[in-house]
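Take a look at the structure below.
Since every read-out is calculated from the coordinates, none of them should be taken as a lab result. Note that the structure is predicted; figures quoted are calculated from it, not measured. All Cβ positions, glycine included, derive from the backbone under ideal geometry; neighbour counts span all protein chains shown.
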Amino acid sequence: MTIAGAPAITTSAGRPVGGRRLPLDWLGAVPFLVYVAIFLFLPTAIIVGGSVLDANGSLTLVNFAHLSRDYIVKTTLNTIGLSAVTALAGATFGALLAYAIAVGNREGLVRRLTLSVSGVLAQFGGVTLAFAFIATIGPAGFLYLWLAEHHADIYAHSLWLFELPGVALVYLYFQIPLMVLVFLPALDGIKPQWREATESLGGGTWHYWRYVAGPLLAPAFLGATLLLFANAFSAYATVNALINQGQPVISQQISGALSGEVGTFEPGFAKAIAVEMVIIVTAVTVLYSLLQRRTSRWLQ
Amino acid sequence: MAAVRRGVQGTRRLKLQVFRIIVFVAAGLFFLVPIGAMVEFSTRGVGDQPRTLAAWQSIGTYPDLVAAITASLELAAITTIAMLVLLVPTMVWVRLKLPRLNPIIEFICLLPLTIPAIVLVVGLFPIYNWMGTNFSDSILTLSIAYVVLVLPYDYRSLEAGLAAIDVKTLTEAARSLGAGWFTVMWRIIVPNISSAILNSAFLSVALVLGEYTIANNLLYNNLQVEIAMLGRANAGVSIAVAVASLLFAFGVLVLLSFFNRGRGRLQLVELQQVMRTERG
């Protein structure tokens, strides 16, 4: 292996070692490379390899054939639906919030505050977040009790907080701040001159949004929605804290096939579901980065 | 004409102000009420009794919970130190001696971002099984997996720190004055990127304390797993601990954004992606 930058160092630092330099510099990177080989690449290889092997270690596609089981198809569709709904709702509300921030003072306190709060809340998830909603609108939550006292029983039909609609509501808590974080830069790229140009050509607010700002922001909005979709699709902790039974989302099915808590212990099948999830998430992420590139053509 | 125009703009500005106020109030309610509700819930008295801190005071009487809190704090410390020891010397060395390897290291470090935690755990499962029988099944072995989990954030943070100083000149100057590699590392590089190191340490701590997916699926009871289990038995205590861990994590992150103030963009990316892993 030849090392491009090294000769400069040798000459200018005047290394006391005499004679030819032995190409041993790469040894410095070995500990790191060994570590990631064992704990990052090996797990990846185990997943990919294991997904095409049966219990006896011979090549098979049976794990992938199992993906057509009714409950897996249903779970996949559930997860896609949940992710799409929370992505769209999160993107819409998040865009409104981002707009409210963007039209304010750039150096103002409100902007700085909402941005850093969004940064923190976008990370808030998992068990704690589920508990926060249980404490609010759970069957013993103060808001639920207050509403029930005022003859508005929100659980008259079903205890939906512990079903997919409840999960969707809870997901919005991190999807909206995430949207604010990824969409605000695009809104900041909108120049007031464009509005003035529209007006000088006789266009009103509707024309401005329909023909100028809308088309410019559309790729950014779509891209952000895809990011939110991928974010919801691979989530596990929050939904697992809310729903213990039935495992309605795909990440819970992976966990189930892995541990064998429910149904049978099927490590090969867990790997096949994992591969399915990675393929979907990767496809969405690639689309996101394509749209992001298109956005940056105008709004930077 | 000018007056009419000013009138139109005045109305528009007023509408915009009303819109902003409505949006901010609605968002404020949606985001603050659940956190307030946790505090309210954890201080409830039994029946009609007045507010009490009983749930908070009884945290110490749950041995499993105390063990989980201790384990998570230890995991945070071990993960942070292991990550720094692994990453900082490698990144400096690669910068100086193996610049051609730099893009590869970057690619490797950012790779965990594209793998959801629930997927990674499927691949880690057999490895931990093997380690459990042949080596150790202590909960602290989780820190090995957590180092992989924190790689992307810490890499970005450290990379920004290293990019801001002239590693090569500093090293050459120190070496020409007779410093050994350890001295260069410890007395030249580390002090110069101390804020980047602090940053990545904060990110690691916040991430490890919030981690649930990997621990739960490898059947280890870390803080989040224990909180979830306790929630089924004693909601008050478990929500009290959840609030405490939340406030701690928020505190860490507020500190982080304070140290990060000059670099808004980078911070956004980091935060947005920490969150993906944490929840994954």
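Estimated from the Cβ-Cβ distance and a Förster radius of 51 angstrom, the FRET efficiency linking A:Leu33 and A:Glu107 is about 0.65. Sorting B:Arg100, B:Arg20 from the fewest to the most surrounding beta carbons within 10 angstrom yields B:Arg100, B:Arg20.
Peptide A:132-142 has a mean shielding of 6, counted as Cβ atoms of other protein chains within 10 Å of each residue's Cβ. Mean residue ellipticity at 222 nm, helices only, the protein assembly as shown: -23500 deg cm²/dmol; runs of at least 4 DSSP H residues each add -39,500 (n - 2.57), and the sum is divided by the number of residues.
Averaged over the residues of B:19-25, the number of partner chain Cβ atoms lying within 10 Å of the residue Cβ comes to 4. For B:Lys168, give me every one of the aspartates and glutamates with a C-alpha distance below 20 angstrom, ignoring sequence neighbours fewer than eight places off in its own chain. Cross-link targets: A:Asp25, B:Glu106, B:Glu159. Identify which of B:Val85, B:Val241, B:Val148 has the largest mean-square fluctuation in a Gaussian network model of chain B, with springs joining Cα atoms closer than 10 Å. Result: B:Val85 has the largest fluctuation of those listed. Per-residue mean of other chain beta-carbon atoms within 10 angstrom of the beta-carbon, peptide B:31-44? Rounded to a whole number, the mean comes out at 6. Within chain A, the selection of entire DSSP H helices by a Cα span of 24 Å or greater along the long axis and an average Kyte-Doolittle value of at least 0.5 returns A:70-102, A:164-188, A:214-233, A:267-298. Helices assigned as whole DSSP H runs in chain B whose Cα atoms extend at least 18 Å along their own long axis and whose mean Kyte-Doolittle hydropathy is -1.0 or higher are found at B:2-42, B:63-97, B:117-134, B:142-163, B:194-210, B:235-259, B:264-279. With Cα atoms defining each centre, the range A:275-290 and the range A:93-113 are spaced 30 Å apart in the structure. Listed by chain and number, the aspartates and glutamates placed with their C-alpha closer than 14 angstrom to that of A:Lys191 are A:Glu199; residues fewer than eight positions away on the same chain are left out. Here the range B:10-25 and the range A:212-257 have alpha carbon centers that stand 31 Å from each other. In a simple Cβ point-charge model (Lys, Arg +1; Asp, Glu -1; nothing else charged), the protein assembly as shown has a dipole of about 2440 debye relative to its Cα centre. Once the mean of 1/r is taken over each pair of separate Cα atoms and inverted, chain A shows a Kirkwood hydrodynamic radius of 23.4 Å. When all alpha carbon pairs of the protein assembly as shown are counted in 20 Å bins from zero, the resulting P(r) reads 18, 49, 28, 5, 0 %.
In the range A:110-246, the alpha-carbon atoms span a convex hull of 166 Å³ per residue. The distance separating the Cα centre of the range A:149-195 from that of the range A:27-56 comes to 38 Å. Going from the fewest other Cβ atoms within 10 Å to the most, the residues B:Leu16, A:Leu172, A:Leu217 appear in the order B:Leu16, A:Leu172, A:Leu217. Under the convention that each Lys and Arg Cβ holds +1 and each Asp and Glu Cβ holds -1, the size of the dipole of the range B:129-262 around its Cα centre is about 220 debye.
Panel order for B:Ser72, B:Ser138, by other beta carbons found within 10 Å of each beta carbon, from fewest to most: B:Ser138, B:Ser72.
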